[in-house]
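Note sheet for the following structure.
The values are calculated or read from the model by the stated rules, or taken from the named source; none is laboratory data. Worth saying up front: this structure is predicted, and the values here are computed from it rather than measured. Neighbour counts run over all protein chains shown; Cβ positions are idealised from the backbone, glycine included. The accessibility values were calculated without ligands, DNA or RNA, using every heavy atom of the protein model including side chains. Shrake-Rupley method; radii C 1.70, N 1.55, O 1.52, S 1.80 Å.
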Amino acid sequence: MSTTKPSIFLEIANLVKALNPQTISTERKEVLQPLIDFIRSKTSENQEIRINFICTHNSRRSHLSQVWAQTIANYFQIKRVFCYSGGTEATALFPMVVETLQNSGFKISAISKNDNPIYSIKYSDNEHPIIGFSKKLDDDFNPKSEFAAIMTCDSANEACPFVPGAEKRIPITFEDPKVFDNTPQQAEKYKERSAQIATEMFYVFSQVNS
């Protein structure tokens, strides 16, 4: 029986194939290693892998991390991976994040439109869409136990020294593209941050079975 390649949309697959993890520094790889170890330990025990990406407002970096991690786990055919995101407070998924992901090949539609819109984010025709909206880290939409809490911003990392129910708490922080909002560099900087996160998630999941 022949093996089939992952079913993610071709435009996303081409983008993923072009990622270059060699651009990641040795120091940064050390930051990523605890997440690799967590995923490896779960796969070796044939357990579900739950990862909750946490930022202050759950509006930018945590969503980019959730979406790319879920997508790239599928790309590498690593099974039973469930990615989530949350914040120390709820705001709204920032529209530039939606636009950046759409430009990368994700098919996104609004399920509801209000102060905190809910989006369906699809990376494959046959996989359940990622449901994107801003929520607190302990929202009922997120796991209550047996997950890794990935702190994607310094302020959440400092404000949240303890994440209830988390098996592991791993700081993997990213610079905030918010500082470029309403500037001529906004689109470029969001694309840059998205590419960094995608590259680092590619590195993480590429190491799981190596």
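Taking residue 42 as the anchor, which aspartates and glutamates have their alpha carbon closer than 16 Å to its alpha carbon, excluding any fewer than eight residues away along the same chain? Result set, ordered by chain and number: 146, 167. Placing a label point 7 Å from the Cα of residue 80 along the Cα-to-Cβ line, no residue of region 146-166 has its backbone N under 11 Å from it. From largest to smallest, the equivalent ellipsoid semi-axes obtained for the chain from the alpha-carbon gyration tensor read 23, 21, 18 Å. Each peptide in 91-104, 52-65 gets a packing score, the mean of other Cβ atoms within 10 Å over its residues, and the list from highest to lowest is 52-65, 91-104. Here's the picture: a label point sits 7 Å out from the Cα of residue 183 along the beta-carbon direction, and within region 75-104 nothing has its amide nitrogen under 16 Å of it. Gain on full extension, evaluated as 0.36 nm per residue between residue 26 and residue 168 minus their Cα-Cα distance, stands at 48.9 nm.
Which percent, nearest 5, of DSSP beta bridges in the chain are antiparallel? Antiparallel bridges: around 35 percent, rounded to the nearest 5.
When you restrict to C-alpha pairs under 8 Å that are six or more residues apart and normalise by the size of region 22-153, the relative contact order lands at 30 percent.
Close amide H contacts of residue 151 (hydrogens built in the peptide plane, cut-off under 5 Å, sequence separation of 5 or more or a different chain): 54, 170, 172. Using Cα centres only, tell me the gap between region 114-180 and region 31-83 in whole Å. Cα centres, region 114-180 to region 31-83: 10 Å. Calculated mean residue ellipticity at 222 nm for the chain: -12000 deg cm²/dmol, from DSSP H runs with n ≥ 4 weighted as -39500 (n - 2.57), summed, divided by the residue count and rounded to 500. The lysines whose alpha-carbon is closer than 21 Å to the alpha-carbon of residue 135, local same-chain residues fewer than 8 away aside, are 113, 122, 144, 168, 178.
Ligands, DNA and RNA are left out, and with a 1.4 angstrom probe the accessible area of region 126-210 is 52 Å² per residue.
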